[in-house]
Amino acid sequence: ITLKGEGDAMLGYVRHRLVVFVIVALLPVTLPAAAADRLPVPGITGQDERTLVKTTDYPWQAIGRVNNTLGPFCTGTLIGPRRVLTAAHCLWNPRTRRWLPACALHFLPGYQGGNYVAHSLVISYQLSGGESMRRQGPPTDPSRDWAVLTLAEDLGAVAQSLPSAPLNRQWLADYQQQGGVFLQAGYSRDRPHILTRNRPCTLAGFRNNERLIRHECDATFGDSGSPVLLERNGKYHLVAMLVGIDKSTGKGIAVTGTAFHERLQALEPPAPAKGNVKAC
């Protein structure tokens, strides 16, 4: 992994030529859509089709900002009352070249303009590569760029978590035949204080044994960890998670449910938080 520049906090996967979505939060200014369309925002090609959503409604209250005490933010999805799926690279500090301590992380589901549905500190997190990945640093393989946060607070009473679902070529064809629609929602660099969605969102082009897929969602820095959702009959399932942009094609890259679905299903319920949890 090579650091492209401390100012824009962009990291590049050398092997896969992938730029991952990490961004330092900007000033709390929401740009008009017309102005945003004129700016060169990586990952936003052609017409900007992002739209505002009401974060207190299902399923948007399950999507939130993953903040940390150093300033950068990403997007995460509530997958259980005390579990959040996000991108692993969001937990890496490129300045110290160490993983962030869990106490530096906050999850705010339904965040919108400074308000949010709930708030919880993080007490621990599991990287996709386990302890070996914790010793080695951020993944050079983008299909392993995911992690699960364990929250101090049970948010089940205020936000409905979203189940995951598998995604490979056969499942993709089945979902499409069943009338399923794919969409993405997250907190973008140029609109850091509002949740926007892109619906529909085109998926095409698997790689890495169907653990990665190319997408054409309008997403940029800050959208790391944001979900690609399958919408069917008014229900939503998390089938992929955004991690970056392939510089050779300009297309976005997402980790598929093939990489994380079974692992998420096998997670044991988290142990109760001990004592008074404090931020650091």
Candidates G234, G257, G225: whichever shows maximal mean-square fluctuation once the chain is modelled as a Gaussian network with Cα springs under 10 Å: G234
For the chain, averaging the sequence separation of alpha carbon pairs under 8 Å that lie six or more residues apart and dividing by its residue count, the contact order in percent is 23 percent
For K251, which aspartates and glutamates qualify as cross-link partners when the Cα separation must be under 13 Å and same-chain residues fewer than eight apart are set aside? E216, D218
Looking at the square roots a ≥ b ≥ c of the eigenvalues of the Cα gyration tensor of region 41-104, which shape do they give, rounded for a/c under 1.5, prolate if a/b is larger than b/c, or oblate? oblate
Solvent-accessible area per residue for the chain at a 1.4 Å probe radius, Å²? 44 Å²
Here, D174 and A271, labelled 7 Å along Cα→Cβ, have an inter-label distance in nm of 3.7 nm
Taking just the alpha carbons, could you work out the radius of gyration and Dmax for region 171-210, both in angstroms? 13.5, 36
So for region 131-280, averaging the separation of alpha carbon pairs under 8 Å that are six or more residues apart and normalising by length, what relative contact order in percent results? 25 percent
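The values are calculated or read from the model by the stated rules, or taken from the named source; none is laboratory data. Remember, it's a predicted structure, so these values are computed and weren't measured experimentally. Quick reminder, even Gly has a Cβ in these numbers, built from the backbone with ideal geometry, and neighbours come from all protein chains shown. Heads up: the accessible areas ignore ligands, DNA and RNA and are worked out on the full protein's heavy atoms, side chains in. Shrake-Rupley method; radii C 1.70, N 1.55, O 1.52, S 1.80 Å.
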